[in-house]
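Written below as structure tokens is the structure these notes are about.
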Amino acid sequence: MRIDVNDRERAVEAIDILNDFIGDCVASVNVFRDYWNALKDDASRQNMLVAVHRLCMSYLLVTLDKWLEFYDRYHGLIPSDLHDECKKLMKELRSRKIEDFRDTCIGHIWNKKTKRPLYSSEIDVALKQITKGDINGFLKWVNDPNNNVFPSTIVSIVETVRDRIAREHNIDYQEITSK
């Protein structure tokens with residue numbers, strides 16, 4: 001099978017993007033968990049915990065929204081036997097309204113529809129929809145360091161896609177890091 005040079009270049013791009021995606025998901029989840037475990041019982045540091053929660057969740061949701069863009073631009077590189085899981089992930093992220101959250105809450109103070117400030121309670125409602133009311137379950141769905149087995153977590157899906165693209169296009173790690 002002959003591999004088109006342009007496909008190979010796009011594969012290198014895709015792997016680079018997916019590497020960042022994985023790192024951002026893992027870091028966001030692990031930082032939140034570490035701070036939660038360190039501060040959850042310290043009443044004097046609850047403000048810090050709230051700030052870390054906002055920071056980690058905002059960055060995680062921006063990252064998860066990138067999967068939608070990645071899928072739109074690179075789905076042709078995804079091996080055919082992985083398409084169903086990747087498409088299912090895309091649909092799940094859309095159903096959780098992650099893109100809407102990014103567009104309306106992250107980096108904004110103003111609700112354009114109601115023409116007033118965006119209230120914390122509105123953000124909390126949106127986060128509850130995204131996490132289905134279970135922040136720990138949501139974080140575990142994104143990254144479960146004890147069980148990142150395909151297709152049980154987002155990280156496992158993305159790692160599998162990345163590794164298969166690399167294998168199918170004979171791309172080694174050195175090519176990605178030299179970009």
**OP:** Kindly identify the range 47-155 as rounded, prolate or oblate by the Cα gyration tensor criterion: order the square roots of the eigenvalues as a ≥ b ≥ c, call it rounded if a/c is under 1.5, otherwise compare a/b with b/c, prolate if a/b is larger, else oblate.
**Re:** oblate
Original post:
Which of the residue pairs LYS40/LYS113; LYS40/LYS115; LYS88/LYS115; LYS40/LYS87; LYS87/LYS132 have a Cα-Cα distance greater than 28 Å in the structure shown?
Top reply: LYS40/LYS113; LYS40/LYS115; LYS88/LYS115; LYS40/LYS87
Subject >> Pairwise label distance in nanometres, MET90 with VAL50, each label 7 Å out on the Cα-Cβ vector >> reply: 3.9
Original post:
In the chain, with Lys and Arg counted as +1 and Asp and Glu as -1 at Cβ, which of these residues, ILE165, ALA11, ALA38, has the Cα nearest the positive end of the dipole, that is, farthest along it?
Top reply: ALA38
Original post:
Label GLU13 and VAL125 with points 7 Å out from Cα along Cα→Cβ: what is the distance between them in nm?
Top reply: 4.0
Original post:
Which value in nm describes the separation of the simple spin-label points at TYR173 and ARG73, placed 7 Å from the Cα toward the beta carbon?
Top reply: 2.5
**OP:** Using the charge dipole of the chain (Lys, Arg: +1 at Cβ; Asp, Glu: -1 at Cβ; taken about the Cα centre), state which of ALA126, ILE98, ASN147 has its Cα farthest towards the positive end.
**Re:** ALA126
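Out of the total accessible area of the chain (probe 1.4 Å, heavy atoms of protein only), what percent is carbon and sulfur?
50
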Original post:
In the full protein assembly as shown, how much of ASP41 is accessible to a 1.4 Å probe, in Å² to the nearest 10?
Top reply: 140
Subject >> Given charges at Cβ of Lys, Arg, Asp, Glu: the chain dipole, positive-most of ILE176, TYR74, GLY107 >> reply: GLY107
**OP:** Place a +1 charge on the Cβ of each Lys and Arg in the chain and a -1 charge on the Cβ of each Asp and Glu, then give the dipole magnitude about the Cα centre in debye, rounded to the nearest 20.
**Re:** 820
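The values are calculated or read from the model by the stated rules, or taken from the named source; none is laboratory data. The structure presented is a predicted model; accordingly, all values stated were derived computationally and were not measured. When we count neighbours, we look across all protein chains shown, and the Cβ atoms used for this are built from the backbone with ideal geometry, even at glycine. All accessible areas refer to the heavy atoms of the entire protein, side chains included, with ligands and DNA or RNA removed. Shrake-Rupley method; radii C 1.70, N 1.55, O 1.52, S 1.80 Å.
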